[in-house]
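Below is one structure, written out as structure tokens, with a few remarks after it.
Bear in mind that the values in this text are calculations on the coordinates, not laboratory data. Being a predicted model, the structure only gives us computed values, none of them experimental. Quick reminder, even Gly has a Cβ in these numbers, built from the backbone with ideal geometry, and neighbours come from all protein chains shown.
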Amino acid sequence: MSVIQINGIVRENVGKGVARKARAAGQIPGVLYGHGEKPMAVQVESRHFLSAMRAHKGGNAIISLNLGSGEYTALVRDVQVDPVSRAVLHLDFQHISLTEKVTVEVPIHLIGIAIGVKDFGGILEHNVRSLEVRCLPTQIPGSLDADVSALNVGDTLHVRDLKADGVEILAEPDMTIATIVAPTVEEVAPVAATAEPEVVAAKGKKEEAAGEEAKKK
């Protein structure tokens, strides 16, 4: 996994007002914590950070955070985003060591088209979309690939079926990742047979009227 170079500075002042001014100046405020050290308030240049993350194309990027006073290897643990403007408001960096295992959440990527879907009209249900794993930072996978192509209707893919070298998956082996369910058959409600009795009744009335007319003659 490549390491993304990010430059930043240590913030000596903290608070909402200071953070607001930093954002107005094109900076993203944040905090660097972990590895038994005292948390540090930091800020990074917004355009540079967003451009670097887009180029990475994936989560759990390893950051080399240069703060002038020192360089820190870190993971981006949390990104606070404005719900309206989608602007990044705050970043949480976790200081890590490349030789010590970390716990991260990794997305599950389903591969292939299941037999039960392709040939029998089944429906693929994707029950779990990410899992926590534990591994060295340099071994963090971009995703956990799960091949569903052999699944038929009624078959299930479990955590124990996933393969990830050098990665410990922190979930129960029997947890369901995906399953193929039978297609739903729509039941057609029976049509109520009400017209025939009305016709019979009408016919009976006509015959009765014809008999009365014959008596008169």
Q. Is the shape of the stretch 103-181 best called rounded, prolate or oblate, per the rule: a/c under 1.5 gives rounded, else a/b larger than b/c gives prolate, else oblate, with a ≥ b ≥ c the square roots of the Cα gyration tensor eigenvalues?
A. prolate
Q.
Need one word for the stretch 1-59: rounded, prolate or oblate. Basis is the Cα gyration tensor (sqrt eigenvalues a ≥ b ≥ c); a/c below 1.5 gives rounded, then a/b vs b/c decides.
A. oblate
Q | Net charge dipole size for the stretch 103-181 [Lys, Arg +1 and Asp, Glu -1 on Cβ; Debye, nearest 20] | A | 120
